[in-house]
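Undergrad: Structure in structure tokens, see below.
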Ligand code: FES
Ligand SMILES: [Fe+2]
């Protein structure tokens, strides 16, 4: 076990040990620049959920690392991720956050591009005769692959396929989507906020069960007893964190909601959903009502997908690095596509209660993350500890390193990946 | 000097004169409107003072307090909001803000807000609906923060008693990044 120092003779890898990392990882702008290069421009980065671009021509703006992209669905149903940069003199070709279009026309000199990014038209083309070929000037296209509704893009043509990168996280993605209770999962709105801290502070937070009862004490006090009880996982031995490989990890907070299709009937439906139970019971069989109501709080866990997405109980949490000490977060509320209106509304209310800039939970998380950044400036060589639970970590049948949900197994997994990618010299 | 100049000046000014202040259906000197504005300014002061327990007494029991995300949304219930509070949520929010366990509330910015640009949207027998503009300046840990919003207040008036029945806060940056806050708008 080495204590990291500013000495870079060991390269970036020397700044991260198995159980601790130098605080400099949050504060050094040079490290941030390399992270964009070696991580965000070198691996699969989540850009959209299919439900955000439902039809041919639907698009949304997004980012891969610092670079602006447009994600769209073309007429063949394929997803395209295009750099939002005109091939003429570099203007952005799209400044509408989301919508529908036949293609993108640059507002500067009107070069126009198809949904696939092909350059279709140039006004007054005679000046370009013998100078350019349109086919050479498509918008730059990233490699795109999707898994179970999640669309990822990468600048790299030579890395492993998405499914290989996701590996064992796929099982957990599949389980997560079961909260649709038979309906597809859809994004039904999002909150956006920024905090004054490094992106890895939030990456760590997703599988940090340890902070929950402390930071979220005021939220816990505000919810009904059943919800509070559901989330009292601090001493629950079945509440565990698994390291899933490739930087991914999962923190199980509500063990009985890991697989929402497994229902032995012993769990009582929460009284707070009485109005919904009564309404749905009028037209639906009891099992279906049960299935829907049991999914109201989402899946029983937070799944952290390195480097920028987490499937967090009932919502997507997306992180976007802005600079070494600023990060933007999106909290996307999920609902049942085609499901009962009342259920989707209830899910919105649950989301609003915790999430967003004025939510009972997010504001306190954000305050904590700000403080980490402020504190980490003090002796940036002094390590950040991610060693909680090392003594009780074991490897389960599936081959996943596992410890209690309040332990720092997930963070260790993220930093192991960080270390691997940052020290990779290709 | 030529004679052309005055003609040109006249030509520039030949637009029809604007109607004298049209403030909607009402008028700012209406006593009900004056009462509503007083209430809105009192609310602003209580919020800047973080006197949330008194603040919530300004609301009717059925009141809604809303900060939507999408700029033009009207159906708040079917949309995601930053805040969509009925009486129950409002009470819980106040408890959270004052009990001392929320680190963001304890460390909240000091704020000073200005509300002006009142226009009357509607006056009925017992309600006055006003629109206004709010500029809030916050200060926390050596940094200033500014938030601009368009406000709508519907005030219920019964005799001497006036209470807020609806407050909608449309932040100018509502659909962009809005920083987390330990105070109320
Ligand atoms: S920069 Fe886009 S057309 Fe000129
Ligand atoms: Fe949290």
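Undergrad: Over the Cα atoms of chain A, each weighted equally, I'd like the Debye log10 I(q)/I(0) at q = 0.08, 0.12, 0.14 Å⁻¹, rounded to two decimals.
TA: Taken in order of the listed q values, log10 I(q)/I(0) reads -0.48, -1.02, -1.32.
Undergrad: Tell me the mean residue ellipticity at 222 nm calculated for the protein assembly as shown from its helices only (DSSP H runs of n ≥ 4, each -39500 (n - 2.57), averaged over every residue, nearest 500).
TA: The per-residue figure over the protein assembly as shown is -7000 deg cm²/dmol.
Undergrad: Kirkwood Rh over Cα pairs of the stretch A:246-362 into Stokes-Einstein at 10 °C, 1.306 mPa s: D in µm²/s?
TA: The Stokes-Einstein estimate is 101 µm²/s.
Undergrad: Please compute the length gained on full extension between residue A:109 and residue A:55, using 0.36 nm multiplied by the number of residues separating them and subtracting their Cα-Cα distance.
TA: Fully extending the segment from residue A:109 to residue A:55 adds 16.6 nm.
Undergrad: Calculate, for residue A:171 and residue A:232, the FRET efficiency according to 1/(1 + (r/R0)^6) with r their C-beta to C-beta distance and R0 41 Å; round to the nearest 0.05.
TA: 0.95
Undergrad: Label points 7 Å out from Cα along the Cβ direction at residue A:126 and residue A:102: separation in nm?
TA: Between residue A:126 and residue A:102, the label points sit 2.6 nm apart.
Undergrad: Connecting C-alpha atoms closer than 10 Å in a GNM of chain A, tell me which of A:213, A:125, A:357 has the biggest fluctuation.
TA: A:125
Undergrad: Just round it to a whole percent: the fraction of Cα-Cα distances in the stretch B:73-143 exceeding 16 Å.
TA: Cα-Cα pairs in the stretch B:73-143 separated by more than 16 Å: 73 percent.
Undergrad: Measure nothing but the geometry: give the 0 to 90° angle between the long axis through the Cα atoms of B:87-99 and the longest principal axis through the Cα atoms of chain B, rounded to 10°.
TA: Once rounded, the angle reads 70 degrees.
Undergrad: Now for a separate question. Averaged across the residues of A:328-335, what count of C-beta atoms belonging to other chains lies within 10 Å of each residue's C-beta?
TA: 1
Undergrad: Further question: Could you check which residue among A:405, A:144, A:96 shows the biggest mean-square fluctuation in a GNM of chain A with a 10 Å Cα cutoff?
TA: Of the options given, A:96 has the highest mean-square fluctuation.
Undergrad: Additional query: Between the stretch B:72-90 and the stretch A:262-334, what's the alpha-carbon centroid distance in Å?
TA: Taking the Cα centre of each part, the stretch B:72-90 and the stretch A:262-334 sit 19 Å apart.
Undergrad: If one takes the longest principal axis of the Cα atoms in chain B, at what angle in degrees, from 0 to 90 and to the nearest 10, does the Cα axis of helix B:31-48 lie?
TA: That helix lies at roughly 50 degrees to the long axis.
Undergrad: Applying a 10 Å radius around every beta-carbon, put A:294-305, A:40-51, A:107-118 in order of their mean neighbour count, most first.
TA: A:294-305, A:40-51, A:107-118
Undergrad: If one computes the Cα centroid of the stretch A:367-426 and of the stretch B:111-138, what distance in Å separates the two points?
TA: 49 Å
Undergrad: Still on this structure, please answer the following. Highest GNM mean-square fluctuation, chain A, Cα pairs closer than 10 Å: which of A:376, A:181, A:228?
TA: Evaluated over chain A, the most mobile residue of the options is A:228.
A short reminder: the numbers here are calculations on the coordinates, not readings from a lab. From a predicted model like this one, the values you see are computed outputs, not experimental measurements. Cβ coordinates were reconstructed from backbone atoms using ideal geometry, including for glycine residues, and neighbour counts include every protein chain displayed.
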